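Since the structure comes first, as structure tokens, the remarks are kept for the end.
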Amino acid sequence: MKKLAVALSGLLAAGSIAAQGRPASPEEPLPDVITTIQGGLRAERLASLEFPWGMALLPDGRLLITEKPGRLRIFSDGRLSAPVKNLPTVSYQGDSDQGGLLDVAIDPDFARNKRIYLSYSEAADGQPVELAETGDTRVNRKVDLKQILRGGAVASATLDGEQLRDVQVIWRQVPKTIGRGHFGHRLLFGRNGTLFITSGDRMRFEPAQSLETNLGKIVRINTDGSIPKDNPFAGKEGARGDIWSLGHRNMLSIAMHPESGQIWTWEMGPKGGDEMNLVQPGKDYGWPSVSNGDNYDRTIIPDHPSNPDFTEPVRSWTPVISPSGALFYRGSLLPWRGSALVGGLSTKGLIRLTIDGERIASEERIDLRRRVRNFIEAPDGTLLLITDYKNGELMRLRPAAPPGR
Ligand SMILES: [Ca+2]
């Protein structure tokens, strides 16, 4: 009961902080032992980073980390490298920007080809002379970004020491739009070497239902940017071949089940209604026609079951969890083998879900008192985790007690 009370007070604190604007640093120290598993967890702080966003482990154990303002660094032997050189030009407009340098992934054949993939936001080459943000009362943020035309992109490059070579843009959001966030942009390799990209709706709502744009979609491409022949809309007139599924809002979490190969995503809902979806090709997940949440201007959105054309989420959360980052835990160091772990920004921790086929069997909250942006599993079963602050952190989570005690 006491643990529950602590967790609840943490949630309330998170709500009040959100109302006053995001703090630059985590406000609470981590306890010595996080009492979630028997014996507890211990968090070790490894490095400081400015708004870290994405991570990928190289086969030799070096860790790639992106910082949203536009830096890629390599963490190795306890130290961070200088920013990797020759990155594509990233558009970043300061702390409140949801764009910037976002995710990083390594090629499944990295050992041979040394290719990596970066997602980021870019400004259009030519900017219109006059742009007016017409506003949309459904959007929950003052549009305080500069009114420039931009969109998301994914580039591949060869990692050569601490610089990139042969940078090629392999995918772009179409069309570019002015202002606003919801880039999405998590990257995940599927089993056959295809690359999944979560493409947010850019806070433009209706394009998520259009097959002529790739906003508000899960996208699937080959690593050279070409369209896999078995994509659901490949070769269909009036549709973009890169679309894998549609009707999405803003997805910052995507993971593949290690046994079934199922692709799961977690999606930020509007006012209420964060979603967990089992993503299947060609299906429509409903945004903005249906949602288990409602618009920020209090207009009602019908729930998913009101229209059988739309696929319902497997789970939705109100109050929201603000999911960012996800994986299926494969190791045995922590007693979580087979669980899905999901990062929480507003929930300031991890959510552990056990999945039985296509259903959630159990759900547990792990309070880390920090906005969790992303995390990955190291080969030894520890978790490497980054937090969403200007003074963000790279941390390692491991059992507090040695194995077997
Ligand atoms: Ca939905």
**Fill in**
Too long for a 30 Å Cα-Cα cut-off, among 146/271; 146/283; 229/271, are 146/283; 229/271
**Stretchable slack from residue 380 to residue 299, in nm (0.36 nm times residue separation minus alpha-carbon distance)** = 24.3 nm
**Request:** Give, as ranges by residue number, the residues of region 102-126 whose backbone N falls under 14 Å from the point 7 Å along Cα→Cβ of residue 314.
**Result:** none
**Inter-site label distance for residue 192 and residue 96 at 7 Å from Cα along Cβ, in nm** = 4.5
**Message:** Can you show me the helix-derived [θ] at 222 nm for the chain, built from DSSP H runs with n ≥ 4 at -39,500 (n - 2.57) apiece and divided by the number of residues, rounded to the nearest 500.
**Reply:** -1500 deg cm²/dmol
**Message:** Given an 8 Å cut-off on Cα distances and at least 6 residues of separation, report the relative contact order of region 145-248 as a percent.
**Reply:** 20
**Relative contact order %, region 290-343, counting alpha carbon pairs below 8 Å whose residues are six or more apart** = 23
**Asked** For the residue pair residue 163 and residue 37, what label-to-label distance in nm results when each label sits 7 Å from Cα along the Cα-to-beta-carbon direction?
**Response** 4.3
**Prompt:** Given a cut-off of under 8 Å on Cα pairs at least six residues apart, what relative contact order in percent is computed for the chain?
**Reply:** 15
**Prompt:** Top mean-square fluctuation among 308, 258, 23, Gaussian network model of the chain, C-alpha springs under 10 Å?
**Reply:** 308
**Item:** Residue list for region 325-348, given a label point 7 angstrom along the Cα-to-Cβ vector of residue 361 and an amide N cut-off under 12 Å
**Value:** 337-340
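Read-outs throughout are calculated quantities, based only on the coordinates presented, and are distinct from any laboratory measurement. Quick caveat, the model's predicted, so the values are computed rather than measured. Positions of Cβ are generated from backbone atoms using ideal geometry, with glycine treated the same way; all protein chains shown enter the neighbour counts.
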